[in-house]
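No value in this document is a laboratory result; all are computed from the given coordinates. Nothing here was measured: the structure is a model prediction, and the numbers come from that model. Ideal geometry is used to build each Cβ from the backbone, glycine not excepted, and the neighbour counts take in all protein chains shown.
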Amino acid sequence: MDFSNIQRIAYLGPEASFSEMATDIFREKYSITAYPEKMTTIRQVIEFVDDNPNTLGVLPLENSIEGSVRESLDYLMLTKNENIRMLSQVIMPIRHCLLARTTEFYSITGIISHPQALAQCQNFIHDEMPRNLNIIEATSTAEAARSLANYNLTYAAIGSKKTADIYNLNVLRENINDDQTNQTRFVLIGDFETELTGNDKTSLVFATENKPGALMEILNIFYENNINLSYIVSRPSKINFGDYNFIVNFDGHIKDPKIFRTVEQIKEKTTFFRFFGSYSK
């Protein structure tokens, strides 16, 4: 992919967020010289790419513990430009730390962080922190660290060592995430086409009629075409209660004739369809 004309690349900020780290990886991998744009929400990242030509975005899409990042999926399927696609992925190990302006661990009475980070550190919060702990949600782990300046010394944030360095904070505890294999998958999005690599995956979203066997008909298409369906998750359609959109990942690339025919078969059975992209695993 040629990103030489890209002017800006958007990510969930502020500085030192995990999304910024993923952005740095994508920029190095594809020699992207575009100006980085920090956004305060995932929705803003997607809308920025949707509204501005010659831009890219970086989204957290899935965590190995907490599953899908719902905001990324929900807004990605609503872009006005239906050619906004996933172009590449990177899987980053996540190592959470407890950060504070104080060095006194036992003085902490409150924690600030992104809901995903809080969920990924539930055991530490339950076992190590006081029962009456005040928990405050932030738009990102880096924003939580930045906001500590607005609180007294008894508040801490959950973030990375890089976050501690940027905001001049003390690391009170390291590797506090429940699962030491904690990883997050980030994707690069934009209005581009990708090429076959021979080790690809395809992502798409669809809805079916709300009737018995409708979803099974779609799943049978994958089975009949001998295609490995590696991931499926449902999200409320937000149109009618009880109606759902299904996001799926499966092996192969849309430029493979078999995959293309399969996708065309699926389209015929759906009431809503959006191609999310084919990209290297």
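Compactness of the chain was expressed as the Cα radius of gyration divided by 2.2 N^0.38 Å, which yields 1.09.
Shown for Asp51, Asp127, Asp251: other C-beta atoms within 10 Å of each C-beta, ranked fewest to most, produce the order Asp127, Asp51, Asp251. For Arg8 and Glu195, a Förster radius of 30 Å and the Cβ-Cβ distance give a FRET efficiency of 0.80, rounded to the nearest 0.05. List, in the order given, every pair from Lys211/Lys267; Lys80/Lys238; Lys258/Lys281; Lys162/Lys238; Lys38/Lys201; Lys29/Lys161 whose Cα-Cα distance in the structure shown is over 26 Å. The answer is Lys162/Lys238; Lys38/Lys201. Across region 154-169, rounded Karplus estimates of 3J(HN,Hα) from the backbone phi angles (6.51 cos²θ - 1.76 cosθ + 1.60, θ = phi - 60°) give 8, 9, 10, 10, 9, x, 8, 4, 4, 4, 4, 5, 5, 9, 6, 10 Hz, Gly and Pro being marked x. For region 90-137, the list of trypsin sites (Lys or Arg not before Pro) that fall in a loop by DSSP and count at most 12 other C-beta atoms within 10 angstrom reads Arg131. Can you compute the modelled spin-label distance between Glu104 and Asn220, with each label point 7 Å from Cα toward Cβ, in nm? Spacing of the two 7 Å Cα→Cβ label points: 6.8 nm. Express in whole angstrom the spacing between the alpha-carbon centres of region 90-107 and region 110-136. Region 90-107 and region 110-136 have Cα centres separated by 11 Å.
When each full DSSP H helix of the chain is screened for a Cα extent of at least 15 Å along its own axis and an average Kyte-Doolittle hydropathy of at least 1.0, the helices passing are 214-224.
Ordered by the count of other Cβ atoms within 10 Å of each Cβ, fewest first, Thr208, Thr181, Thr23, Thr41 give Thr181, Thr41, Thr208, Thr23.
From most to least packed by mean Cβ count within 10 Å, the peptides 168-176, 102-110 give 168-176, 102-110.
Label-to-label distance, His126 versus Leu229, with points set 7 angstrom from Cα along the beta-carbon direction: 3.3 nm. Residue order for Val187, Val233, Val263, fewest other beta carbons within 10 angstrom first, comes to Val233, Val263, Val187.
The stretch between Asn54 and Asp179, if pulled fully straight at 0.36 nm per residue, gains 41.2 nm over its current Cα-Cα span. Full extension of the segment from Asn152 to Lys211, taken as 0.36 nm per residue of separation minus the current Cα-Cα distance, would add 15.7 nm. Gain on full extension, evaluated as 0.36 nm per residue between Gln265 and Leu78 minus their Cα-Cα distance, stands at 65.1 nm.
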